[in-house]
Amino acid sequence: MQENFHSGFVAILGRPNVGKSTFLNRVVGQKIAIMSDKAQTTRNKIQGIYTTDDAQIVFIDTPGIHKPHSRLGDFMVDAALSTLNEVDAVLFMVNATQKRGRGDDFIINRLKQVHQPIYLVVNKIDKVHPNQLPEIVAAYQNSLDFAGVFPISALEGNNCPQLVDELVHRLPEGPQYYPADQITDHPERFVISELIREKVLQLTREEVPHSVAVVTERVQRKDDEKVLVQATIVVERKSQKGIIIGKGGKMLKQIGVRARKDIERMLGDRVYLELWVRVQPNWKDRQVDLRELGYRAEDYK
């Protein structure tokens, strides 16, 4: 083990849409977690790996904690809370533009059982006046014995390096768990599926909320230095399939064009992307369907 090398695992916890994925992508320098202005975009624990010459932090971006309305919702909340027993530090992220709510109180009560250092991270400070920050911080500061308080803008990068430096200083000396050039522990197909799902959420807006899953069926590198990617978008109803395909296939083409650009950036190769749409009724509430689509509760115990 390299002398004076610090390493460890850090969970990012918070209500939906506080900017956890934006922060993770900012720190690792590449998109590995999908972003949307809709709540509960993240469904699995996304591990992002930050590595320097003297430290490695494995960040775990959890699904936003919310009141579940389906088996999928139960899975997401269980996934978020289970990380707290596995990490060296916790970032409790709140949105500077939102008042403290019941979701925050629920998280705070859960964090009272955690013995690791907990940092209060107030995100989206670029959207509020600096004079408002003391009042925003005060709404949370006495709830827990925070190891530190960091107002940040994950979008603009404000104070993100300082927060990372504090985590490096706090983490114990330890091994380098992953190669220096690796930024996530998730398989290639998982990240591709997430990038496609992001485009569905961005382009269909409220017409197709969270009844969408994506399965990457095939990733094959061709002799002409092009990568063939075949994926299926799964929805719950025929009407949703029609929306995603669009008139004359226009919407599906838009989804494919945008997703392909991100996939090419990730793979570093030209990509030929083929997309299909399949109707699978009530998949969010069927355990067998959740397992088939990659949501396995045993992975989060």
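Some observations on this one:
- Whole-Hz couplings from phi, Karplus 6.51/-1.76/1.60, listed for region 89-104; x for Gly and Pro: 7, 10, 9, 8, 9, 10, 9, 4, 8, 10, 6, 4, x, 5, x, 5
- Subset of LYS124/LYS226; LYS199/LYS238; LYS20/LYS112; LYS31/LYS226; LYS127/LYS253 violating a 28 Å alpha-carbon distance limit: LYS124/LYS226; LYS127/LYS253
We did not get these values from a lab; they are worked out from the coordinates using the rules stated. On a predicted model such as this, the values are computed, not experimentally measured, just so you know.
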